[in-house]
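J.: Have a look at the structure that comes next, please.
Here, each number is a calculation from the coordinates, and none is a lab measurement. Please read these numbers as outputs of a predicted model, since none were measured by experiment. Neighbour counts run over all protein chains shown; Cβ positions are idealised from the backbone, glycine included.
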Amino acid sequence: MSSSRTYKFVLQPTSRQLAAFECLLGLQRELYNAALEERRGCWKWNQRSVSYFDQTKELTQLRSARPDVLSFGVTVCRGTLLRLDRAFNGFFRRCKAGEKPGFPRFKGPGSFVSLQWVDRSGWALNQDTGRLRLYGIGHIRVRLHRSIKGIPKTITIRREGRRYWVSVQCVDVPAEPLPKTAKSIGIDLGVGSLVATSDGELIQGPRFGKRGHAGLEKAQRDLATKVPGSKNREKAKQRVAAHHRKIANRRRDFAHQTSRRLVNGHDLIVYEDLKITNMTRRPKPRPDQQGGYEPNGAKAKTGLNRSIHDAGWGQFISMTIYKAESAGREVIAVDPRNTSRTCSGCGHVSAGNRHGAVFRCQSCGHEAHADVNAAGNILRAGRARQLIAA
């Protein structure tokens, strides 16, 4: 069984190559904004939609009018137009789903920080020498900390602070199955304990966002005192971004280690299919009879939403799924309804069974940690679905 994977590496460009990247980012930002303006103008004045293929055909005419835009190859230009096309597809999808549309916007100098080569032309990666060749830029050193498996298809180069990263998307990546363990586990995701397992283990979430809040808050206060457009403000913005990256990197590393441990030790992993977007939605306003608004618990909900995002449930689950796919494990998502109210011993369902972190069944007297009890119910539901599918 094969799948697709994305490998991310640090680039080590020279000063000349850094200048070339900055020039390329500026040209592609200009192309993105021009393509967006064309789409908006055609619909506004002619009621005609412009597709991605229509705009890629116009790149041949652009060679004579603006040869500098195509001086780095046509592949990266197609990647920029594809990025705009995906933005419009997301806009139409959200409109149909009744969500906040978010119409594509023009990109400023600080908001366009990535480039994409959508096929194998214009670039080549040599793993033996650790060099990435880009048309118009040259051979760039890449810190290949691991070998690439599968067939490389596309690359994306992104600027994060002062560093440049390359992401190599590969297809037909061979699976690496692990030996069977004959073990199954159910996991309950939470805020206090990030993961509670049906085996009785409680994996505490480090809460990296809360731990790094003081330094981030100080950097943000410092940013607020700087004059807009000044060099000092740009430096302060970089310090704020560095704090965010550090928190995200720590959270990602913890999710990698925890998901790997679960996948290595179990053949079946069952988790609750939480709708994180719905759980973190703002509470609706409550108008009163005097024309004002009643308290709706927005302040407390904001704190809960911050804790949920800090836990990184979605990132942890996605890592578990792709690791299990490569290792030949099975991952099942089950409905989370009543998993916290149901007794894992007798099956009695009642809201009074749970008292904070303690679960005490009103029917049979079974007592356990509430999250561990829920994890047992999740595992049972996953096994039931496994039997039905078989």
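J.: Quick one: 3J(HN,Hα) in Hz for the range 208-217, Karplus 6.51/-1.76/1.60 with θ = phi - 60°, rounded, Gly and Pro as x.
T.: My calculation for the range 208-217 gives 5, x, 5, 5, x, 5, 5, x, 5, 5 Hz in order.
J.: Further question on the same structure: Check the cysteines of the chain one by one and keep only those with no other cysteine Cβ under 4.7 Å from their own.
T.: Lacking a cysteine Cβ partner under 4.7 Å: Cys23, Cys42, Cys77, Cys95, Cys170.
J.: Quick check: from the Cα gyration tensor, does the range 40-80 come out rounded (a/c under 1.5), prolate or oblate?
T.: Working: a/c = 3.00, a/b = 2.04, b/c = 1.47.
Prolate shape, in that a/c is at least 1.5 and a/b is the bigger ratio.
J.: Charges only on Cβ, +1 for Lys and Arg, -1 for Asp and Glu: so what's the dipole of the chain about the Cα centre, in debye to the nearest 20? Please report the intermediate quantities before stating the final value.
T.: On the way: 69 positive and 32 negative charges, 260 e Å.
For the chain, the charge dipole is close to 1240 debye.
J.: Then there's this: Which whole-number percent is the relative contact order of the chain (Cα, under 8 Å, 6+ apart)?
T.: Relative contact order, the chain: 16 percent.
J.: Which entries of Lys100/Lys218; Lys210/Lys301; Lys100/Lys275; Lys100/Lys246; Lys100/Lys284; Lys8/Lys323 have Cα-Cα distances beyond 21 Å here?
T.: From Lys100/Lys218; Lys210/Lys301; Lys100/Lys275; Lys100/Lys246; Lys100/Lys284; Lys8/Lys323, over 21 Å: Lys100/Lys218; Lys100/Lys246.
J.: Kindly give the semi-axes, whole Å and largest first, of the ellipsoid equivalent to the range 312-363, taking each as the square root of 5 times a Cα gyration tensor eigenvalue.
T.: 31, 13, 8
J.: Another one. Test of understanding: in a Gaussian network model of the chain with alpha carbons linked when under 10 Å, which of Arg251, Arg329, Arg360 would top the mean-square fluctuation ranking?
T.: Comparing Arg251, Arg329, Arg360 in the GNM, the peak value goes to Arg360.
J.: While we're looking at this one, here's another question. Quick one: angle between helix 370-389 and the longest Cα principal axis of the chain, in degrees between 0 and 90, rounded to 10, please.
T.: It is inclined by approximately 70 degrees.
J.: Another question about this same structure. Kindly identify the range 60-156 as rounded, prolate or oblate by the Cα gyration tensor criterion: order the square roots of the eigenvalues as a ≥ b ≥ c, call it rounded if a/c is under 1.5, otherwise compare a/b with b/c, prolate if a/b is larger, else oblate.
T.: Oblate, because a/c is 1.5 or more while a/b does not exceed b/c.
J.: Counting only Cα, what are the radius of gyration and maximum Cα-Cα distance Dmax of the range 1-64, in Å?
T.: Gyration radius and largest Cα-Cα distance of the range 1-64: 17.6, 51 Å.
J.: Using all C-alpha to C-alpha distances in the range 2-174, build P(r) with 10 Å bins and read off the rounded percent in each one.
T.: P(r) over the range 2-174, rounded to whole percents: 9, 34, 33, 19, 4, 0.
J.: Residue farthest toward the positive end of the dipole of the chain, with Cβ of Lys/Arg at +1 and Asp/Glu at -1: which of Leu268, Pro228, Ser64?
T.: Towards the positive end, the residue furthest out is Pro228.
J.: Evaluate the relative contact order of the range 247-364 (contact order divided by residue number), counting alpha-carbon pairs under 8 angstrom at least 6 apart; express in whole percent. If you can, show how the numbers build up before the last one.
T.: Working: 105 pairs, mean separation 35.8, N = 118.
Reported as a whole number, the value is 30 percent.
J.: How big is the charge dipole of the range 2-174 about its Cα centre, in debye rounded to the nearest 20, if each Lys and Arg gets +1 on its Cβ and each Asp and Glu gets -1 on its Cβ?
T.: Values: 32 positive and 13 negative charges, 100 e Å.
Dipole about the Cα centre, nearest 20: 480 debye.
J.: I need the phi-derived Karplus couplings for the range 339-347: 6.51 cos²θ - 1.76 cosθ + 1.60, θ = phi - 60°, integer Hz, Gly and Pro marked x.
T.: Here the 3J(HN,Hα) series is 5, 8, 9, 9, 6, 6, x, 10, x Hz.
J.: Hey, another quick one. Checking the a/c ratio against 1.5 first, then a/b against b/c, what shape does the Cα gyration tensor give for the range 283-372?
T.: It comes out oblate by the Cα gyration axes.
J.: What translational diffusion coefficient, in µm²/s and rounded to a whole number, does the Stokes-Einstein relation yield for the chain at 25 °C and a viscosity of 0.890 mPa s, taking the hydrodynamic radius as the Kirkwood radius over Cα pairs? Please list the in-between numbers first.
T.: Values: Rh = 25.0 Å.
Rounded to a whole number, D works out at 98 µm²/s.
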